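The values are calculated or read from the model by the stated rules, or taken from the named source; none is laboratory data. Everything quoted here is computed from the prediction, not taken from an experiment. Note that we place each Cβ from the backbone using ideal geometry, even for glycine, and neighbour counts take in every protein chain shown. Ligands, DNA and RNA are excluded from the accessible area calculation, which covers all protein heavy atoms including side chains. Shrake-Rupley method; radii C 1.70, N 1.55, O 1.52, S 1.80 Å.
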Amino acid sequence: DGGITQSPKYLFRKEGQNVTLSCEQNLNHDAMYWYRQDPGQGLRLIYYSQIVNDFQKGDIAEGYSVSREKKESFPLTVTSAQKNPTAFYLCASSMQQGVSPLHFGNGTRLTVT
Amino acid sequence: DQQVKQNSPSLSVQEGRISILNCDYTNSMFDYFLWYKKYPAEGPTFLISISSIKDKNEDGRFTVFLNKSAKHLSLHIVPSQPGDSAVYFCAATNYNTNAGKSTFGDGTTLTVKP
């Protein structure tokens, strides 16, 4: 089955530590995205990548970093500079051409204490 | 300034009746709109979309209506089923921009009672 795999489902970290969230897709999609969801709020775009070795900041990129070394993979690092890292993180992908819907993974819930 | 607003955080309807979820937008550049459905602890899944060249798009029990002059769209679910209970997100984008740069509303939690 084609899809997006995010791991782990739950992640706990101490304040001040960097943490990397994994995202892998086998849909052969060119574009990949990271969103953050906070309780009662919509999805906010952190970073996106339209092609390997290229990525752009979204609306809330501060305190985050990404890499896109392979088409299938788009890991997100939450750094210690992120002021409020506790959130639900969603990875998504889409076909590059035209306007195509997003395919989402099942998310990683990160808790930083 | 929130460009996509879903003013009803929650909606409760009886099984078999119609569910109407509303969404308003402010950015005139938006010309493509999508609805996603999300169950707890899962990622959203795409439900239905509409381009600004249309005012209605239908897919089975789901119909989306677009009123460009009012900058308003709505999702109708008929008949509603208990399995439709989920959070529904409205998203808006510009056709020349990849859908990943959609702007999302805060979501409406739909509860369908048996």
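Below, the figures for the structure above:
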| quantity | calculated |
| --- | --- |
| Cut-off under 5 Å, modelled amide H: who pairs with A:Thr86 long-range | A:Val112 |
| B versus A: buried accessible surface, summed, Å² (probe 1.4 Å, to nearest 100) | 1700 |
| The range A:49-113: chymotrypsin sites (Phe, Trp or Tyr not before Pro) in DSSP coil with no more than 14 other Cβ atoms inside 10 Å | none |
| For A:Tyr47, residues with placed amide H under 5 Å, excluding near neighbours | A:Trp34, A:Gly58 |
| Residue with peak Gaussian network fluctuation, chain B [Cα springs, cutoff 10 Å], from B:Thr45, B:Thr93, B:Thr103 | B:Thr45 |
| Qualifying trypsin sites (Lys or Arg not before Pro) for the range A:1-107 [loop in DSSP, other Cβ within 10 Å: at most 11] | A:Lys9, A:Lys14, A:Lys83 |
| Zone residues, the range A:1-24, relative to A:Thr111, backbone N less than 19 Å from point 7 Å out along Cα-to-Cβ | A:7-22 |
| Under Karplus coefficients 6.51, -1.76 and 1.60, residue-wise ³J(HN,Hα) of the range A:30-46 in Hz, glycine/proline x | 7, 9, 9, 9, 10, 10, 10, 10, 10, x, x, 10, x, 8, 10, 7, 8 |
| Among B:Ser74, B:Ser12, B:Ser51: highest mean-square fluctuation, GNM of chain B, C-alpha pairs under 10 Å | B:Ser12 |
| Estimated dipole of the protein assembly as shown in Debye, rounded to 20 [Cβ of Lys and Arg +1, of Asp and Glu -1, Cα centre] | 280 |
| Solvent exposure of the protein assembly as shown as accessible area per residue, Å², 1.4 Å probe | 48 |
| Sequence-distant residues sharing a close amide H with B:Ala86 (under 5 Å, placed H) | B:Leu110 |
| Where labels lie 7 Å past Cα in the beta-carbon direction, separation of B:Thr26 and B:Ala70 in nm | 2.0 |
| Residue among A:Val99, A:Val78, A:Val66 with the largest mean-square fluctuation in a Gaussian network model of chain A, springs linking Cα atoms under 10 Å | A:Val99 |
| Nitroxide proxy distance, nm - points 7 Å out along Cα→Cβ at B:Val78 and A:Ser7 | 4.6 |
| HN-Hα J in Hz across the range A:55-69 - Karplus 6.51, -1.76, 1.60, θ = phi - 60°, x for Gly and Pro | 7, 10, 6, x, 7, 9, 7, 4, x, 10, 9, 9, 9, 9, 7 |
| Check: chain B dipole with +1 on Lys, Arg Cβ and -1 on Asp, Glu Cβ, in debye | 80 |
| Rounded to whole Hz, the Karplus (6.51, -1.76, 1.60) HN-Hα couplings of the range B:29-39, x for glycine and proline | 6, 5, 9, 8, 10, 9, 10, 10, 10, 9, 8 |
| Flagged links, alpha-carbon separation over 20 Å, of A:Lys9/B:Lys38; A:Lys9/A:Lys83; B:Lys37/B:Lys113; A:Lys14/A:Lys70; A:Lys14/A:Lys83 | A:Lys9/A:Lys83; A:Lys14/A:Lys70 |
| Theoretical FRET efficiency, 1/(1+(r/R0)^6), r = Cβ-Cβ of B:Thr45 and A:Ser80, R0 30 Å, to 0.05 | 0.35 |
